[in-house]
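Asker: One structure follows; several queries about it will come next.
The values are calculated or read from the model by the stated rules, or taken from the named source; none is laboratory data. The structure presented is a predicted model; accordingly, all values stated were derived computationally and were not measured. Heads up, the Cβs are rebuilt from the backbone with ideal geometry, glycines too, and the neighbour counts pull from every protein chain shown. Ligands, DNA and RNA are excluded from the accessible area calculation, which covers all protein heavy atoms including side chains. Shrake-Rupley method; radii C 1.70, N 1.55, O 1.52, S 1.80 Å.
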Amino acid sequence: MIQRCHYEVLGIERTATEEEIKKAHRKQSLLYHPDKAAQRGEDIEKAHIVFQEIQSAYECLIDSHERKWYDSHREDILRGGNVDTSDDEESPEEKVARREVNLWSYFSTAAYDGFNGGDRSFYPVYQKAFQMIINAEQKEIFDYVGADFGTCDSDWDQVKAFYDEFIDFQSPRSFAAYDRWKIDADMPRHIRRAAEADNKRRRKAAKQCYQEMVRQLAQYCRKRDPRVAQRIAHVAAEKEAKQKAALLAKSKQRAQLFEARQKWRQEEEDPSFYQVRTGALLADLDDDNDTGRRKKKAGKPKKKSSPEDDDSNDDQTPDSQSVQDNNLADDKATTPDPVANLTTEDVIFACNICKKTFKSEQQLENHLQSKAHKKKAAKS
């Protein structure tokens with residue numbers, strides 16, 4: 001089958017945008033779909049081949065990296081690497097196409113017929129292509145061993161080893177066949193150095209071109225390899241299963257914490273359980289009279305004593321002073337002291353927001369300044 005340009009297959013210009021490529025793909029797919037062809041009474045097998053060609057063109061042009069490679073080597077791919085120019089007019093790509101393994105014809109779905117088996121199926125065709133690359137390396141590097149492309153039954157370790165090697169392909173050959181100048185010891189030194197530099201540049205250009213062609217072919221195969229697609233689906237399923245298991249474990253932990261909290265709240269509603277946590281703060285033990293006296297004393301400034309006041313105080317007789325002391329003693333005896341009647345078990349320092357009790361006022365003060373208490377207080 002003669003290869004057609006991808007742009008010609010989709011009926012678009014080479015400057016088409018991504019949106020134009022998608023639109024043309026939808027149009028051509030609906031027009032040449034095998035089911036539509038069967039309804040029109042056309043040859044289904046021919047329609048299937050055209051439909052595959054449309055899909056191949058779309059997959060190539062929608063990928064920016066692959067499209068860039070295709071645009072740079074479109075002519076080589078279309079003519080299958082056959083060149084008819086002289087050696088002086090050849091570019092590095094043309095020299096590689098003429099002297100190295102011809103791989104340009106493999107950059108198309110026309111190179112293979114499906115994945116179901118047979119000599120023209122995907123695996124035998126590309127296994128042969130990469131074996132030619134290995135044979136070319138072994139002509140110069142005798143101990144070179146390349147990874148095998150494998151078959152549809154190959155395990156993932158073999159498939160991964162193959163793509164790891166050829167997607168980052170490094171040829172150990174010298175590419176001395178691309179030298180333009182023959183170096184002679186009798187040549188003047190400056191001419192010999194210039195010739196060596198030119199030969200080195202040509203070797204490097206040819207090697208880079210060849211390696212890039214092999215790498216691109218490996219990427220082309222990897223993108224269409226059912227074994228890779230199956231592995232990607234398997235990894236995605238494992239990842240989804242792990243995420244579901246983690247989410248289930250987290251929800252189970254939340255349910256356990258919720259049940260424990262509900263149980264704690266039910267126990268708190270028990271009168272005997274709640275009675276242990278009831279108590280009074282030191283500030284609650286002051287009665288209204290004492291509080292009022294303290295506020296009155298704190299708010300009223302002291303008067304400066306005058307000499308006359310000092311004299312009047314000095315004029316008080318010892319008898320009057322003793323009478324006042326006795327009255328104060330009687331008041332203290334008649335007024336009950338609330339703190340004196342409380343035991344250490346009755347005085348409890350509690351935080352109602354956090355539902356915690358403390359042994360001392362200092363512990364309570366430290367708790368009130370903590371971040372955990374302030375966070376719960378802000379929510380309440």
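Asker: Hey, any hits in the stretch 172-180 for a residue that's outside any loop (DSSP other than H, G, I, E, B), closer than 30 Å to Ala129 by Cβ and touching a residue at least 60 places away in the same chain (Cβ under 8 Å)?
Answerer: yes
Asker: Output the number of residues of the stretch 1-28 satisfying the condition of being assigned to a helix (DSSP H, G or I) and within 20 Å of Tyr70 (Cβ to Cβ).
Answerer: 14
Asker: Right, next: Within the stretch 136-159, how many residues are part of a helix (DSSP H, G or I) and free of Cβ contacts under 8 Å to residues at least 24 places away in the same chain?
Answerer: 3
Asker: Next question, about the same structure. Can you find a residue in the stretch 63-70 that is open to solvent by less than 70 Å² (accessible area, probe 1.4 Å), among the acidic types (Asp, Glu) and at pLDDT below 80?
Answerer: no
Condition check ((1) surrounded by fewer than 16 Cβ atoms within 10 Å (Cβ to Cβ); (2) within 17 Å of Gly146 (Cβ to Cβ)) across all residues:
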| position | (1), (2) |
| --- | --- |
| Tyr178 | no, no |
| Arg192 | yes, no |
| Ala195 | no, no |
| Arg222 | no, yes |
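Asker: So which pairs qualify, if the first residue must be in the stretch 2-25 and closer than 19 Å to Ser72 by Cα, the second must be outside any loop (DSSP other than H, G, I, E, B) and open to solvent by 60 Å² or more (accessible area, probe 1.4 Å), the Cβ gap must be under 8 Å, and the two must be at least 6 apart or on different chains?
Answerer: Note: pairs meeting the criteria are Ile12/Glu20.
Asker: Output the residue which, of all residues in the stretch 95-138 that are within 30 Å of Ala177 (Cβ to Cβ) and charged (D, E, K, R), is most open to solvent (accessible area, probe 1.4 Å).
Answerer: Here the residue is Lys128.
Asker: Just checking, does the stretch 28-43 include any residue being of a type in the set (A, V, I, L, M), under 22 Å from Ser72 (Cα atoms) and surrounded by 14 or more Cβ atoms within 10 Å (Cβ to Cβ)?
Answerer: no
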